[in-house]
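Derivation of every value follows stated rules applied to the coordinates shown; laboratory data play no part. These figures come from a predicted structure and were not determined experimentally. Reconstructed Cβ throughout: ideal geometry from the backbone, glycine too, with neighbour counts over all protein chains shown.
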Amino acid sequence: MKTAFFSILEGGKHLPHHRGPFKGVLRYHLGLIMPTPPETCRIRVGQDYRSWEEGKSLIFDDTHDHEAWNDSTQRRVVLFVDFVRPLPFPLSAVNRLLIFLIGISPFVQEARRNQANWDARFEQLINDAMPPVRQRDGYAGGLFVRRSQ
C-alpha cells in the first residue's frame, strides 16, 4: 500500500477528467457510503462507466483518463488505496526503486512538509477551541482521556 484515505464526494459535484502520473501503482476503491439510486453516482475510466456499491470494490489504472459524478443530493464516501502494481521480477524491483525515488523527491518532500504544517495548524485550532480540561480528565498521546469516575 502506498496511499490510503477516505474520498468524499458531496452531492451535486463532479470531478473533472484527469489521469494519474505513474503506472507503477493501481487504485482501489471500497464503497462505504453510497447515494441512492446507484446510477446517480458513478465513475468513468476510459470508456467504462461504473457505479460504486457499499461493501464492493473497484480496481483501476488511474493513468487512464477518468472522472466521477455525484448527481444525487447525498454524500459518497469510498476508501481510496493506491497499491504497488504486481509485476514479474526484475520489473517489480525497478518499479519499487522508482516509487522509492519518487518518495524522496523534492516535490513529494515539500508536499509532506506542507501536510505536516497544515496538520499542526489544524491541531492548534482544535486545541484553542476546546474547553479547559477538568482536573480528573487529561490528554495522553494526543488523545483526550476521560478517567473513570
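Would you mind checking which residues have amide H under 5 Å from CYS41's amide H? H placed 1.01 Å from N; only 5 or more apart, or other chain. Amide H neighbours of CYS41, under 5 Å, 5+ apart: ASP71. Just ILE126, ILE102, ILE59 to compare: in a GNM of the chain, with alpha carbon springs under 10 Å, which one fluctuates most? Maximum among the listed residues: ILE126.
Per the Debye formula with a single identical scatterer at each Cα and no solvent contribution, what log10 I(q)/I(0) holds for the chain at q = 0.08, 0.10, 0.16, 0.22 Å⁻¹? Those come out to -0.37, -0.55, -1.02, -1.28, one per q. Taking the charge dipole of the chain about its Cα centre, with +1 at Lys and Arg Cβ atoms and -1 at Asp and Glu Cβ atoms, the residue from LEU58, PHE83, ILE8 reaching farthest to the positive side is PHE83. Along the axis of the charge dipole computed for the chain (Cβ charges of +1 for Lys and Arg, -1 for Asp and Glu, origin at the Cα centre), the listed residues ASN70, CYS41, GLY24 are led at the positive end by GLY24.
If R0 equals 35 Å, the separation of the Cβ atoms of ILE126 and LEU79 corresponds to a calculated FRET efficiency of about 0.90.
How tilted is helix 91-103 with respect to the longest principal axis of the chain? Cα atoms for both, answer in degrees (0 to 90, nearest 10). Value to nearest ten degrees: 40. For helix 106-129, what angle does its Cα long axis make with the longest principal axis of the chain, in degrees from 0 to 90 and rounded to 10? Approximately 30 degrees, to the nearest 10.
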